[in-house]
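Undergrad: Would you mind keeping the following structure in view while I ask a few things?
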Amino acid sequence: MPLKLLLNGARGRMGIAIAAIAENNNAEIVSACDVGDDPHAKIDTCEAIIEFSFHEVTLNIAELAVEKNIPLVIGTTGHTAEEKAAILSAVEGKIPVIWAGNYSVGVNTLNYLTRKAAGILGKHYEPEVLEMHHHDKKDAPSGTAERLIEILKDGYALNEEQVVHGREGIVGERPRGEIGVHALRGGDIVGEHTVYFCGDGERIELTHRATDRKIFAQGAIRAAQWAVGKVPGVYNMEDVLGLSD
Ligand code: NAD
């Protein structure tokens, strides 16, 4: 039986991509909601919610998922620290939530390889992150880059103050304990991420290039299917794919 879904942000790029592949991925969009629609209207027929809309909207959708006791897949990015905390306190211990800045299998493999590379290469290799997206993207750095930064912060035991977004002017020498992050915007780029490990005499680059939004759509539906029946908790796509070690 196809998984019955409420899709929030249904008229957006991701909403359209999810609707286009739902049937072939054993899912059915029974409630497609966007601005002006009432997500409560058909919620009782839904088994899970997929949310790809706008950062201010996610908390309301999370509260609806808790009220109806159904799993939630959060694809939306760009939440403020306050919004993240409010969403976490609304859902924690109540429902299974999959929350990932990127649902592609390839990017989650990049996350895994980044964690492994940081562990192998260590402090003599300086990490930098470069991300590129289309000119309509509203947040920077991307949710995917934020996840890579978290992995690098863990791997190098660095804190948020040691993450540097762009460089301009006389910034001085690069300290060892730093992660540089750079966001390029233009054209119709779906999403590119490179993690550089710059050593003395060599450099390693791990790159993922997305060329079609269907990779995120397929991953989000797979996440919703995985979430059904799981113990309440907040999971990411690496958990869904079994890459969390
Ligand atoms: P988009 O701007 O094309 O679509 C967003 C949609 O949300 C629009 O149709 C808009 O009308 C709708 N929306 C806004 N407010 C709403 C509300 N109150 N209720 C219902 N719908 C509302 O954006 P997009 O490219 O589809 O991306 C959507 C979000 O998903 C962004 O935050 C983006 O960064 C993120 N994203 C995440 C992944 C991932 O894998 N996690 C991949 C791609 C995009």
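The values are calculated or read from the model by the stated rules, or taken from the named source; none is laboratory data. These numbers were taken from a predicted model, which means no experiment stands behind them. Positions of Cβ are backbone-derived with ideal geometry, glycine not excepted, and every protein chain shown enters the neighbour counts.
Undergrad: Taking Ala86 as the residue in question, decide whether it is surrounded by fewer than 20 Cβ atoms within 10 Å (Cβ to Cβ), within 14 Å of the ligand (Cβ to nearest atom) and free of Cβ contacts under 8 Å to residues at least 60 places away in the same chain.
TA: For Ala86, the condition - surrounded by fewer than 20 Cβ atoms within 10 Å (Cβ to Cβ), within 14 Å of the ligand (Cβ to nearest atom) and free of Cβ contacts under 8 Å to residues at least 60 places away in the same chain - is not met.
Undergrad: Within region 7-53, which residues are within 9 Å of the ligand (Cβ to nearest atom), touching a residue at least 40 places away in the same chain (Cβ under 8 Å) and in a loop (DSSP other than H, G, I, E, B)?
TA: Across region 7-53, the qualifying residues are Gly9, Gly12, Phe52, Ser53.
Undergrad: A further question on this structure: For region 191-206, which residues satisfy the criterion of being touching a strand residue (DSSP E or B) at 6+ places or on another chain (Cβ under 6 Å) and in contact (Cβ under 8 Å) with a residue 60 or more places away in the chain?
TA: Passing the criteria: Gly191, Glu192, His193, Thr194, Val195, Tyr196, Phe197, Cys198, Ile204, Leu206.
Undergrad: Still on this model: Can you tell me how many residues in region 109-160 are in a helix (DSSP H, G or I) and within 20 Å of the chain's Cα centre (by Cα)?
TA: The qualifying residues number 22.
Yes or no, residue by residue, for (1) surrounded by fewer than 16 Cβ atoms within 10 Å (Cβ to Cβ); (2) β-branched (Val, Ile, Thr); (3) not assigned by TED's automatic domain parsing to the domain that holds Glu51:
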{"position": "Gly186", "(1), (2), (3)": "yes, no, yes"}
{"position": "His193", "(1), (2), (3)": "no, no, yes"}
{"position": "Gly199", "(1), (2), (3)": "yes, no, yes"}
{"position": "Leu206", "(1), (2), (3)": "no, no, yes"}
{"position": "Ala217", "(1), (2), (3)": "no, no, no"}
{"position": "Ala220", "(1), (2), (3)": "no, no, no"}
{"position": "Ala224", "(1), (2), (3)": "no, no, no"}
{"position": "Val231", "(1), (2), (3)": "yes, yes, no"}
{"position": "Asn236", "(1), (2), (3)": "no, no, no"}
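Undergrad: Under the condition of being within 7 Å of the ligand (Cβ to nearest atom) and modelled with pLDDT of 95 or more, which residue from region 54-78 is surrounded by the most Cβ atoms within 10 Å (Cβ to Cβ)?
TA: Gly75
Undergrad: Okay, moving on. When residues of region 190-237 are filtered for being over 30 Å from Pro175 (Cβ atoms), of a type in the set (Gly, Ala, Ser) and within 16 Å of the ligand (Cβ to nearest atom), how many remain?
TA: Qualifying residue count for the region: 7.
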